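Structure, as structure tokens:
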Amino acid sequence: MTLILGVDPGLTRCGFGLIDTERNCAVDFGLFTSDATQAPRDRVGLISIGLEELVAKHNPDLIALERVFAQANLRSVMGVAQISGALMAIAYRHEIPLEFFTPSEVKAAVTGNGRADKAAVGMMVGKILGLAEIPKPADVADALAVAICASKRALGVGTAAQRRWVAAAKASNRKLG
């Protein structure tokens with residue numbers, strides 16, 4: 001069994017989704033939240049504790065993160081970066097490989113369209129994983145989509161031929177993560 005933890009990092013809402021790539025199913029998914037009135041240290045700390053407990057419980061083979069991308073809201077970017085940093089430290093402590101994927105890579109891997117909207121991503125996540133309902137809120141569906149993307153594009157996952165293709169693409173500096 002290969003378990004991949006996908007994370008849609010955020011300081012207010014941090015979605016997570018754990019998939020089993022061999023059975024093609026969701027093992028666990030949900031949302032960690034923090035209150036905007038709390039101090040940043042407390043917000044990052046609380047979400048970090050939740051992520052650490054999740055990693056300790058399931059011991060994933062790979063952690064996949066949506067890469068921070070530039071946007072006008074600096075506060076939002078900072079929150080994403082802070083949670084990403086906390087998750088990188090968790091991956092380091094547990095000796096779990098970690099890979100990053102851009103939002104467009106995730107959308108393309110799940111829907112075939114790198115510009116798909118959140119509704120299309122959620123619908124395809126539900127279909128791919130055989131879920132009765134689309135995971136909500138969108139942060140949870142996005143985290144599952146990140147895990148699905150990693151199952152298709154990560155270095156340590158997939159068939160030997162897929163791993164060679166990903167390694168060659170990364171070596172040639174193509175933007176795969």
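What pairs come up if the first residue lies in the stretch 29-46 and is in contact (Cβ under 8 Å) with a residue 60 or more places away in the chain, the second is among the aliphatic types (A, V, I, L, M), and their beta carbons are under 8 Å apart, counting only those six or more places apart or on different chains?
Matching pairs, first to second residue: 29/18; 29/140; 29/143; 29/144; 30/140; 31/140.
Test residue 157 against the criterion of being buried (at least 18 other Cβ atoms within 10 Å of the Cβ), modelled with pLDDT under 80 and either over 27 Å from residue 33 (Cα atoms) or not basic (Lys, Arg) (or both), and give yes or no. Before the answer, list the steps.
Numbers: buried (at least 18 other Cβ atoms within 10 Å of the Cβ): yes; modelled with pLDDT under 80: yes; either over 27 Å from residue 33 (Cα atoms) or not basic (Lys, Arg) (or both): yes.
Yes; evaluated as a whole, the condition is true for this residue.
Can you tell me which residue among 141, 109, 147 is small (Gly, Ala, Ser), within 21 Å of residue 25 (Cα to Cα), surrounded by 17 or more Cβ atoms within 10 Å (Cβ to Cβ) and touching a Cys at 6+ places or on another chain (Cβ under 8 Å)?
Details: 141 fails: touching a Cys at 6+ places or on another chain (Cβ under 8 Å); 147 fails: touching a Cys at 6+ places or on another chain (Cβ under 8 Å).
Matching residue, one of 141, 109, 147: 109.
Please tell me if residue 68 is surrounded by fewer than 22 Cβ atoms within 10 Å (Cβ to Cβ), under 12 Å from the mean Cα position of the chain (by Cα) and over 15 Å from residue 17 (Cα atoms). Talk me through it step by step, then tell me what you get.
Working: surrounded by fewer than 22 Cβ atoms within 10 Å (Cβ to Cβ): yes; under 12 Å from the mean Cα position of the chain (by Cα): yes; over 15 Å from residue 17 (Cα atoms): yes.
When the stated conditions are applied, residue 68 passes them.
Just one of the numbered conditions (1) touching a helix residue (DSSP H, G or I) at 6+ places or on another chain (Cβ under 7 Å); (2) assigned to a loop (DSSP other than H, G, I, E, B); (3) modelled with pLDDT of 95 or more; (4) not acidic (Asp, Glu) is not true of residue 18; which one?
(2)
If you go through the stretch 18-61 one residue at a time, how many are of a type in the set (Val, Ile, Thr) and touching an Asp or Glu at 6+ places or on another chain (Cβ under 6 Å)?
Taking the stretch 18-61 and keeping what is of a type in the set (Val, Ile, Thr), we get 19, 21, 27, 33, 37, 44, 47, 49, 55.
Okay, now just the ones that are also touching an Asp or Glu at 6+ places or on another chain (Cβ under 6 Å), so 27.
Selection size over the stretch 18-61: 1.
How about the stretch 1-29: which of its residues are closer than 13 Å to residue 142 by Cα and either of a type in the set (Phe, Trp, Tyr) or surrounded by fewer than 16 Cβ atoms within 10 Å (Cβ to Cβ) (or both)?
16, 29
Among the residues of the stretch 160-177, is any at pLDDT below 60 and within 15 Å of the chain's Cα centre (by Cα)?
Looking for residues that are at pLDDT below 60 and within 15 Å of the chain's Cα centre (by Cα), one finds at least one in the stretch 160-177, hence yes.
For the stretch 64-87, indicate whether the set of residues that are of a type in the set (D, E, K, R) and farther than 22 Å from residue 137 by Cβ is non-empty. Explain how you work it out, then say what you get.
Of all residues in the stretch 64-87, those of a type in the set (D, E, K, R) come to 66-67, 75.
From what is left, the residues that are farther than 22 Å from residue 137 by Cβ are none.
No, the stretch 64-87 contains no residue that is of a type in the set (D, E, K, R) and farther than 22 Å from residue 137 by Cβ.
The values are calculated or read from the model by the stated rules, or taken from the named source; none is laboratory data. All figures in this text were calculated on a predicted structure; none of them were measured in a lab. Cβ atoms come from the backbone with ideal geometry, glycine included; neighbour counts cover every protein chain shown.
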